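Notes follow once the structure below has been shown.
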Amino acid sequence: MKEIKELGIGLENCEYITIPRNVIGRIIIDGIREKIQRVACNSIASQKIADTVVIEIYKEGNTTFESFPQDDEILIFDRINQYDDITMIEVVYEDDTVDEFYVKYDVEEDYLGAPNTRQKSKISELGNLYLVIDDEHFEKWFVDEDINNKEKIDADRYMFDIGVEYYEMHDYSEDDLPDMYRYVFLIGADNKTCIAMRVYDTDCDWKFIYEPSATHHVHCPVRWKYPDSKTENKMKLGEAVDSSFSLGAILNKYPKKG
């Protein structure tokens, strides 16, 4: 099982929209099958086809992008909602591998740029986008009573970590060290991990300190990564770590310079 980093949405006119993981709520890509066919005059290739695509995108994802031919800007939700022309979905994983799924595309009239009759979308009263590419009615997947219910959506936002920031893995080196007084996961050559923090030290300029209850310390890290912003905030308060390893307790023992 691999975690998703982002989705890419390819449109019929070759535009491409990127949707980061932290704005995606409910998602289903189903009915996946493989098909070998001629895709161009000089190409016969294998393609993965998805019969069903269902995605909830929260309003934080409604940013602007440069539309083709890149002389104008439009909001992502308006572009998706206005033209039913999504041709493919790219799933980009945290290890940067990619799965590419073409959607089943049906048209009423056969002309270049004809809309996909299977694509339906709606922007809710709360500003979130609901996208369905499927033979079933939109309401099978999303009903107004649910998508406009602020209490329910706020609960889902918390459960899905909407807006939470995730950070890239770093190779450990003297030129790429974690920031001072910031929680960090240190990973050793054996892939064992611990929680640490860089603090100032009177004897050696700075050092790593470790959560007191930790049974394993990584003294020679090969990689490091910040925790996601939600976990980091809990750590600062001593909720996700020992209370003695809260940011306040650390600053009392190892004050910042100046």
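The values are calculated or read from the model by the stated rules, or taken from the named source; none is laboratory data. None of the values given here were measured: they were computed from a predicted structure. Cβ coordinates were reconstructed from backbone atoms using ideal geometry, including for glycine residues, and neighbour counts include every protein chain displayed.
Look at segment 1-17 and say how many of its residues are surrounded by 12 or more Cβ atoms within 10 Å (Cβ to Cβ) and either farther than 25 Å from Gln82 by Cβ or free of Cβ contacts under 8 Å to residues at least 40 places away in the same chain (or both).
So the answer is 3.
So, in segment 167-223, exactly how many residues are β-branched (Val, Ile, Thr), assigned to a strand (DSSP E or B) and within 24 Å of Lys5 (Cα to Cα)? Break it down into steps so the answer makes sense when it comes.
Initial filter on segment 167-223 (β-branched (Val, Ile, Thr)): 184, 187, 193, 195, 199, 202, 209, 215, 218, 222.
Add one more test, that the residue is assigned to a strand (DSSP E or B), and what stays is 184, 187, 193, 195, 199, 209.
Next, only the ones that are within 24 Å of Lys5 (Cα to Cα) stay: 184, 187, 193, 195.
Residues flagged as β-branched (Val, Ile, Thr), assigned to a strand (DSSP E or B) and within 24 Å of Lys5 (Cα to Cα) within segment 167-223 amount to 4.
So Thr97 ticks every box in (1) under 18 Å from Phe138 (Cβ atoms); (2) in contact (Cβ under 8 Å) with a residue 12 or more places away in the chain but one. Which box is left unticked?
Thr97 satisfies every listed condition except (1).
Looking at Arg38, Arg21, Arg33, can you tell me which residue is closer than 28 Å to Glu139 by Cβ and exposed (fewer than 14 other Cβ atoms within 10 Å of the Cβ)? Don't jump to the end; show me each part of the working.
Numbers: Arg38 fails: closer than 28 Å to Glu139 by Cβ; Arg21 fails: exposed (fewer than 14 other Cβ atoms within 10 Å of the Cβ).
Matching residue, one of Arg38, Arg21, Arg33: Arg33.
Would you mind stating whether Asp95 is in the same structural domain as His137 (by TED's automatic domain parsing), under 24 Å from Phe160 (Cβ atoms), assigned to a loop (DSSP other than H, G, I, E, B) and modelled with pLDDT under 95?
Considered against the rule, which asks whether it is in the same structural domain as His137 (by TED's automatic domain parsing), under 24 Å from Phe160 (Cβ atoms), assigned to a loop (DSSP other than H, G, I, E, B) and modelled with pLDDT under 95, Asp95 comes out as yes.
Quick test of your reading of the structure: Arg33 fulfils all but one of (1) farther than 21 Å from Val107 by Cα; (2) without any contact (Cβ under 8 Å) to a residue 24 or more places away in the chain. Name the failing condition by number.
Going through (1) farther than 21 Å from Val107 by Cα; (2) without any contact (Cβ under 8 Å) to a residue 24 or more places away in the chain one by one, Arg33 breaks only (1).
Listed here are the residues, each with its yes/no results for (1) within 21 Å of Cys14 (Cβ to Cβ); (2) touching a strand residue (DSSP E or B) at 6+ places or on another chain (Cβ under 9 Å).
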residue: Thr63; (1), (2): yes, yes
residue: Asp84; (1), (2): yes, yes
residue: Asp95; (1), (2): no, yes
residue: Asn116; (1), (2): yes, yes
residue: Gly127; (1), (2): no, no
residue: Val132; (1), (2): no, yes
residue: Phe138; (1), (2): no, yes
residue: Asn149; (1), (2): no, no
residue: Asp154; (1), (2): no, no
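Can you pull out every residue in segment 239-258 that is surrounded by fewer than 16 Cβ atoms within 10 Å (Cβ to Cβ) and assigned to a loop (DSSP other than H, G, I, E, B)?
Within segment 239-258, Glu239, Asp242, Pro255, Lys256, Lys257, Gly258 meet the criteria.
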